[in-house]
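Just so you know, all these numbers are worked out from the coordinates, no wet-lab data involved. The shown structure was predicted, so the numbers you read here are calculated from the model rather than taken from an experiment. A quick note on method: Cβ atoms are made from the backbone with ideal geometry, for glycine too, and the neighbour counts reach across all protein chains shown.
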Amino acid sequence: MSVRRRVFLALSTLVAVGIEVQIFLSYGDKDAGFHYLAHFFAGASAALLVMSVVAWRRGRPVRFPLLWVIAAHLFAMAPDFAFLDGAPHAHWMDIFFGHITIHFIPGANLTLLLVFAGSLAVYLAVLDHIARMEAAAFVKHKWA
């Protein structure tokens, strides 16, 4: 991997972490950890599963995966922005990755963490499969 690519990855990771810290701080109450993690795990899990499908179909990893995760996290917490403007939470908000329902699942954030871990495992398995297919194609091409 080139130095330029490593610098880009480091900087994009720092930016992503900075954005996530700002999202966490936006909750600002004693339940911030619960709400932040619930919507992060829901959004990130959805993003990982969508990225898995896209990567599998294209045969290559998606570009800017951290952006996908941040976008999905913001989508999952979108009703909280409306709530800050005075809109009450309602069950229709579940279209945002189960925004209301995830607060009431057994095990709360532990369950969501397990879903996230499973989604991450699927995404990593897809990336591994793609890497193996690329390596096999390279070896076949090299020795053909």
Farthest towards the positive end of the dipole of the chain, among SER26, GLY118, PHE64 and with Cβ unit charges of +1 on Lys and Arg and -1 on Asp and Glu, lies the Cα of PHE64
In what sequence do HIS89, HIS73 fall when counting other Cβ within 10 Å, fewest first? HIS89, HIS73
What does the helix-only formula give at 222 nm for the chain: each DSSP H stretch with n ≥ 4 adding -39500 (n - 2.57), the total divided by the residues, and the result rounded to the nearest 500 deg cm²/dmol? -26000 deg cm²/dmol
Roughly what angle does helix 65-76 make with the longest principal axis of the chain, taking Cα atoms, 0 to 90 degrees, to the nearest 10? 20
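Order these by the 10 Å Cβ neighbour count, fewest first: SER2, SER26, SER52.
On the way: SER2 7, SER26 14, SER52 20.
So the residues, fewest neighbours to most, are SER2, SER26, SER52.
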Here are a few candidate values for percent of Cα pairs over 27 Å apart: [x] 54; [y] 18; [z] 32. Which one was actually calculated from the structure I just gave you? [z]
Connecting every pair of Cα atoms under 10 Å apart in the chain and solving the GNM, the largest mean-square fluctuation among LEU124, LEU74, LEU113 falls on LEU124
